[in-house]
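What follows is a set of notes on a single structure, which appears directly below.
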Amino acid sequence: MSRPSRRTDRLSVSILLLLALAFPAAARAQAAKADPLPSWNDTPVKQAIIGFVTRVTTEGGPDFLPVEHRIAVFDNDGTLWQEKPAVQGAFLVERVRELAAKDPSIKQRQPFKAVLEGDVDTLMEGGEKALMELFAATHANMPQEQFQAEVHQFLREARHPKLGVPYTKLAYPPMLELLRYLRDNGFQTWISSGGGIDFMRVFSEELYGIPPQQVIGSSLEEKFEQHGGRDVLWREPRVDHVNDKEGKPVGNDLHIGRSPVFVAGNVRSGGDIAMLSASQQRLGPSFQLLINHDDARREFAYQEKDGASLRAAKEGGWNVVSMRDDWKRVFAY
């Protein structure tokens, strides 16, 4: 059999390039099929993710899961985007500054004075009472639509204090790829975060492809009542649910009604341990992913003082992501 000429080889390459230009979506789909997680280094964690997804989507296999059982739940802050600072915390600080500009006496009143001065110790001393006073002033006593508009405005205008870009540019590309990969394989993707449910619902679909109804978070009480001569959803200055630590499995059950099979969280406060542990109790296959912030050069390096999350990961056999070693890139900007 005669070998193809170099001219034929060049022609084949040219045709492939033309096809890629003419059908970019098809080219991207083919590339994704070849490597669904291109921002991940080829490490054991990446192999474990792909291996798990392959097992639970292979019909006739021992770990096969019907589509309705393919539930994936992700923490938000520090798991899907950066958390230094926590974006909702930055929003709260900005709102306090705006209030102080209108009423300078706030600068001398606690807990507002502590917020403006970055005095964390005084804030901690104030406890739940101080926190509720802050939330009442910045997140409550207003219609839901007003709160959403203020979050939209903040996300349009605010910039990360160190990185200098909008917070919405600081989602992690490897995690965005993972969300898409799971959805391409029939998974529902959910957020379950200690952050405010109404805050995250403003950006979750545009940023992550996760619709508002698949967001779980901490919430204030709401009432449907008259204000300003019309009926509105009114945000009350009272906590309805704290979706952190042991509250996360509870929130997941209330909103989803099925046990997640894929759960991802991160190292910082131990807030995701309960959620990851709970997923491991389900009958059948499950996957736990813990993001370890160990990349001081490209992001930030931090861990818990007591090492609780990494210890739980070791005891439970969870997959730990080293941002330094497992990710080719941390941000896309």
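Can you pull out the residues in the stretch 110-122 that are surrounded by fewer than 18 Cβ atoms within 10 Å (Cβ to Cβ) and among the aliphatic types (A, V, I, L, M)?
Going through the stretch 110-122, the residues surrounded by fewer than 18 Cβ atoms within 10 Å (Cβ to Cβ) turn out to be 110, 113, 116-122.
Those that are surrounded by fewer than 18 Cβ atoms within 10 Å (Cβ to Cβ) and among the aliphatic types (A, V, I, L, M): Leu116, Val120.
Check the stretch 1-21 and report whether any residue there is out of contact with any helix residue (DSSP H, G or I) (no Cβ under 9 Å at 6 or more places or on another chain), at pLDDT 55 or above and part of a helix (DSSP H, G or I).
No, the stretch 1-21 contains no residue that is out of contact with any helix residue (DSSP H, G or I) (no Cβ under 9 Å at 6 or more places or on another chain), at pLDDT 55 or above and part of a helix (DSSP H, G or I).
Looking for whichever is touching a strand residue (DSSP E or B) at 6+ places or on another chain (Cβ under 8 Å), in contact (Cβ under 8 Å) with a residue 40 or more places away in the chain and surrounded by fewer than 16 Cβ atoms within 10 Å (Cβ to Cβ) here; the options are Val239, Val232. Which one fits? Steps first, answer last, please.
Working: Val232 fails: surrounded by fewer than 16 Cβ atoms within 10 Å (Cβ to Cβ).
Result of the check over Val239, Val232: Val239.
Can you confirm whether Glu125 is at pLDDT 95 or above, surrounded by fewer than 16 Cβ atoms within 10 Å (Cβ to Cβ) and assigned to a helix (DSSP H, G or I)?
Criteria not met by Glu125.
Only one of (1) touching a Pro at 6+ places or on another chain (Cβ under 9 Å); (2) β-branched (Val, Ile, Thr); (3) buried (at least 21 other Cβ atoms within 10 Å of the Cβ) is not met by Val263, so which one is it?
Status for Val263: all satisfied but (1).
Could you please find all residues in the stretch 134-170 being among the hydroxyl-bearing types (Ser, Thr, Tyr) and either surrounded by fewer than 17 Cβ atoms within 10 Å (Cβ to Cβ) or in contact with a strand residue (DSSP E or B) (Cβ under 9 Å, 6 or more places away or on another chain) (or both)?
Answer for the stretch 134-170, where residues must be among the hydroxyl-bearing types (Ser, Thr, Tyr) and either surrounded by fewer than 17 Cβ atoms within 10 Å (Cβ to Cβ) or in contact with a strand residue (DSSP E or B) (Cβ under 9 Å, 6 or more places away or on another chain) (or both): Tyr167, Thr168.
Do we have any residue at all in the stretch 86-103 that's among the aliphatic types (A, V, I, L, M), free of Cβ contacts under 8 Å to residues at least 24 places away in the same chain, surrounded by 18 or more Cβ atoms within 10 Å (Cβ to Cβ) and outside the structural domain of Arg201 (by TED's automatic domain parsing)? Give the derivation first.
Of the stretch 86-103, the ones among the aliphatic types (A, V, I, L, M) are 86-87, 90, 92-93, 96, 99-101.
The next check asks that each one be free of Cβ contacts under 8 Å to residues at least 24 places away in the same chain; those that pass are 93, 100-101.
From the residues that got through so far, the ones that are surrounded by 18 or more Cβ atoms within 10 Å (Cβ to Cβ) too are 100.
Next, from what is left, pick out any that are outside the structural domain of Arg201 (by TED's automatic domain parsing): 100.
Yes, the stretch 86-103 contains at least one residue that is among the aliphatic types (A, V, I, L, M), free of Cβ contacts under 8 Å to residues at least 24 places away in the same chain, surrounded by 18 or more Cβ atoms within 10 Å (Cβ to Cβ) and outside the structural domain of Arg201 (by TED's automatic domain parsing).
For the stretch 160-199, name all the residues that are farther than 30 Å from Arg238 by Cα and touching a His at 6+ places or on another chain (Cβ under 7 Å).
Correct list: Leu170 only.
With the requirement that a residue be under 24 Å from Leu233 (Cβ atoms) and among the hydrophobic types (A, V, I, L, M, F, W, C), what does the stretch 119-140 give you?
Matches in the stretch 119-140: Leu131, Met132, Leu134, Phe135, Ala136, Ala137, Ala140.
Among Leu283, Leu254, which is the only one that is surrounded by fewer than 16 Cβ atoms within 10 Å (Cβ to Cβ) and under 20 Å from Phe199 (Cα atoms)?
One residue alone meets the criteria, Leu254.
Being among the polar types (S, T, N, Q) and out of contact with any Lys or Arg (no Cβ under 7 Å at 6 or more places or on another chain) is the requirement here; does Ser269 meet it?
Yes; evaluated as a whole, the condition is true for this residue.
The values are calculated or read from the model by the stated rules, or taken from the named source; none is laboratory data. Just so it is clear, the model here is predicted, and its values are computed rather than measured. Note that each Cβ is placed from the backbone with ideal geometry, even for glycine, and that neighbours are counted across all protein chains shown.
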